[in-house]
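Encoded as structure tokens, the structure appears first; notes follow it.
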Amino acid sequence: MEDIQALLISSAQSMGIEINKGQAESFQQYMEQLLNWNEKMNLTAIKEPREVAEKHFLDSILILKYLKLPANAKLIDVGTGAGFPGVPLKIMRPELELTLLDGLNKRLIFLKDVLGHLHLQAELVHARAEEAGRQKPFRGKFDFATARAVAPLNILCEYCLPFLKMGGTFVAMKGLEPEQETEEAKKAIALLGCELAKIEKFTLPDGDRRSLIFIRRTEPLPDLYPRHGAKISKNPL
Ligand SMILES: C[S@@+](CC[C@H](N)C(=O)[O-])C[C@H]1O[C@@H](n2cnc3c(N)ncnc32)[C@H](O)[C@@H]1O
């Protein structure tokens, strides 16, 4: 079997990220659990270890190349699914105060098991993002929010931006051409008291092209938002 730890260490290094031996071991354990649980529960369509390493783990941690995460930063991963990008970020930065949120409880049951095995702590929240975004413990409480493969950006902004403190940053992980989605989300970003900070693009070692859209809170969030779920998707801002 391919040495996944060595592969991960070298492909991360080629992208400018250092993974130490302990972190590589954690990634290997995470992968084994993911693939075992995936036989009983639909967690990921990616089943080859090399692809899990690159398309899930490496993709998730590449955020660190473009974003300084101060010690004890509070980060919420919205629609985390099987833990991406939140759990790989926690493996790389154990001091991160991580919240993993998903509307599907079975994903959180998997994540509880993974975090236990990896001796990592995170808050697990079973809720729709737009509901949690109206609740006191979550609204305006985070330095960072992340989301990958959850919704188009105009909808995603109403899910994720309510979690940000003033000055906080949302990182939306997107595909090859984020420009049109970003254009369509401009109104939502402004109405939610935020502004587009930057877009970064990179190519994974297997040739997949990805982008990161950074959006920062510059104004308070109006009371009106987030609206209820059906309104958000039927009538995006
Ligand atoms: C395609 S999966 C992506 C999971 C993970 N972020 C990844 O990149 O592999 C989308 C996830 O978002 C969750 N989700 C979608 N809309 C949501 C919402 N409004 N609130 C909370 N979770 C949501 C789904 O339950 C699912 O687990």
For this session: Once you have the Cα-Cα distance between residue 234 and residue 29, take 0.36 nm times their residue separation minus that, and quote the gain in nm to one decimal.
Result: 69.8 nm
Exercise. If contacts are Cα pairs under 8 angstrom and at least 6 residues apart, what is the relative contact order of the chain in percent?
Worked result: 16 percent
Seminar exercise, completed: Placing one equal point scatterer on each C-alpha of segment 140-205 and summing with Debye, one gets log10 I(q)/I(0) at q = 0.19, 0.29 Å⁻¹ equal to -0.70, -1.52
Seminar exercise, completed: Sorted largest first, the Cα spans of segment 100-237 on the principal axes come out in Å as 42, 42, 29
Exercise. Nearest 10 degrees, 0 to 90: what angle lies between the long axis of helix 105-118 and the longest principal axis of the chain (Cα atoms)?
Worked result: 50 degrees
Problem set entry | Crossing angle, helix 21-38 versus the chain [Cα axis fit, 0-90 degrees, rounded to tens] | 80 degrees
Exercise. What's the extension gain from residue 14 to residue 135 if we count 0.36 nm per residue and subtract their Cα-Cα distance?
Worked result: 39.4 nm
Exercise. Expressed as an acute angle from 0 to 90° and rounded to the nearest 10, what is the orientation of the C-alpha long axis of helix 179-191 relative to the principal long axis of the chain?
Worked result: 50 degrees
Problem set entry | Inter-probe distance in nm under a simple model that places probes 7 Å from Cα toward Cβ, at residue 21 and residue 120 | 2.1 nm
Problem set entry | Distance (nanometres) between label positions extended 7 Å along Cα→Cβ at residue 206 and residue 184 | 2.6 nm
Seminar exercise, completed: the chain, convex hull of Cα, quarter of hull surface, nm² -> 11.9 nm²
Exercise. Between residue 48 and residue 104, what is the label-to-label distance in nm when each label sits 7 Å out along the Cα-to-Cβ direction?
Worked result: 2.4 nm
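None of the figures in this text is laboratory data; all of them are computed from the coordinates on show. Keep in mind that what you see is a predicted model, and the values were worked out from it rather than measured. FYI the Cβ positions are ideal-geometry reconstructions off the backbone, even for glycines, and counts take in every protein chain you see.
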